[in-house]
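For reference, the structure is listed below as structure tokens.
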Amino acid sequence: MTEKFDKVSIIMSTFNSLAYVGEAIESVLTQSYPNWELLITDDASTDNTWQLLTFYAQRYDNIHIFLNEQNLGAALSRNRGIDQSSGRYLAFLDADDSWQKDKLMEQVAFMRRHQIPLTCTSYQVVDEQGNNLGLVDRLPRGEIGYDDLLKKRVTFGCSTVVVDKNKTGYFLMPDLRTGQDYATWLNIIKRVGYAYHYPQPLTNYRITPGSISRNKLNKAQRQWQIYRQQEQLGIMRSMICFIHYAYRATFRS
């Protein structure tokens, strides 16, 4: 009996990503998983990112590209891809990250075997040039609940996540300039009850100077905004969760 490979729709947003996006796309092209589509939205780049995306889209009929006329942010750019996707599974890949060749094969098989709605994986950290920094984020294997994510007991790398839409239903990311992925995972876990960690480092997470995700003040402000506005937590619960977040942010540095 031939194994069924449900389609995976890979969502990517780019903005002035010429230095890295080719490597990200090549890591998709070399995936051992055979049934995928890559949907890339360029968020009004001012470098030659769009020209490079066009090069790939003209050569591969499962790469689809979209261009925002003005910069809208990662959330709305990803949502454009999500809205055009046709796969059962949604995977997310940031334009400056890349995947190991068996990333989708292993992760989707794991989700199918255990009927899991959302999984993340471990990841290895690389520098601007792609050199392995020898740091691997290893989350404790097992179920991840809403409270775990609220208090940052665990952290999902966006490029590690795969979602089974048959189990989560349709969703879009909230229109936040930062932290939209975190807010999305919170919303999905509230809906389905849990996520699960697959404990293999199948993603290369790139650290770049000035990365918005590495600015600790911005992250703290965003965290509070998500507690109060997105999740609509009361002031006391928000403060308790923020203390947990701040403690872990300090001692994981």
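The values are calculated or read from the model by the stated rules, or taken from the named source; none is laboratory data. Remember, predicted model here, so these are calculated numbers, not experimental data. Every residue, glycine among them, receives a Cβ derived from its backbone with ideal geometry; neighbour counts consider all protein chains shown.
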inquiry  = I want to confirm something. Restricting to segment 175-209 and keeping residues that are closer than 19 Å to residue 84 by Cβ and in contact (Cβ under 8 Å) with a residue 60 or more places away in the chain, which single residue is surrounded by the fewest Cβ atoms within 10 Å (Cβ to Cβ)?
reply    = 175
ask   = Yes or no: residue 103 within 25 Å of residue 18 (Cα to Cα), surrounded by 15 or more Cβ atoms within 10 Å (Cβ to Cβ) and among the basic types (Lys, Arg)?
value = yes
message = Can you go through 164, 181, 148, 175 and tell me which one is closer than 19 Å to residue 88 by Cβ and among the acidic types (Asp, Glu)?
response = 164
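Residue by residue, here is whether (1) under 15 Å from the mean Cα position of the chain (by Cα); (2) more than 25 Å from residue 98 (Cβ to Cβ); (3) surrounded by fewer than 19 Cβ atoms within 10 Å (Cβ to Cβ) holds:
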{"site": "111", "(1), (2), (3)": "no, no, no"}
{"site": "115", "(1), (2), (3)": "no, yes, yes"}
{"site": "120", "(1), (2), (3)": "yes, no, no"}
{"site": "133", "(1), (2), (3)": "no, no, yes"}
{"site": "145", "(1), (2), (3)": "no, yes, yes"}
{"site": "155", "(1), (2), (3)": "yes, no, yes"}
{"site": "162", "(1), (2), (3)": "yes, no, no"}
{"site": "170", "(1), (2), (3)": "no, yes, yes"}
key: Positions within segment 195-253 being at pLDDT 90 or above, among the β-branched types (Val, Ile, Thr) and more than 22 Å from the chain's Cα centre (by Cα), in sequence order   = 235, 240, 243
task = Select from segment 217-242 the residues that are of a type outside the set (Phe, Trp, Tyr) and either under 14 Å from residue 147 (Cβ atoms) or outside any helix (DSSP H, G or I) (or both) and list them in ascending order.
result = 231, 232, 233, 234, 237, 238, 240, 241
task = Search segment 151-165 for residues being aliphatic (A, V, I, L, M) and in a loop (DSSP other than H, G, I, E, B), and hand back the single one that is farthest from residue 184 (Cα to Cα).
result = 154
message = Quick check on this structure: which one of 222, 177 is in contact with a helix residue (DSSP H, G or I) (Cβ under 9 Å, 6 or more places away or on another chain), outside the structural domain of residue 238 (by TED's automatic domain parsing) and more than 30 Å from residue 6 (Cβ to Cβ)?
response = 177
inquiry  = Looking at the structure I just gave you, is residue 162 assigned by TED's automatic domain parsing to the domain that holds residue 76 and modelled with pLDDT of 95 or more?
reply    = yes
key: Checklist (1) part of a strand (DSSP E or B); (2) modelled with pLDDT under 95 applied to residue 90, failing item   = (2)
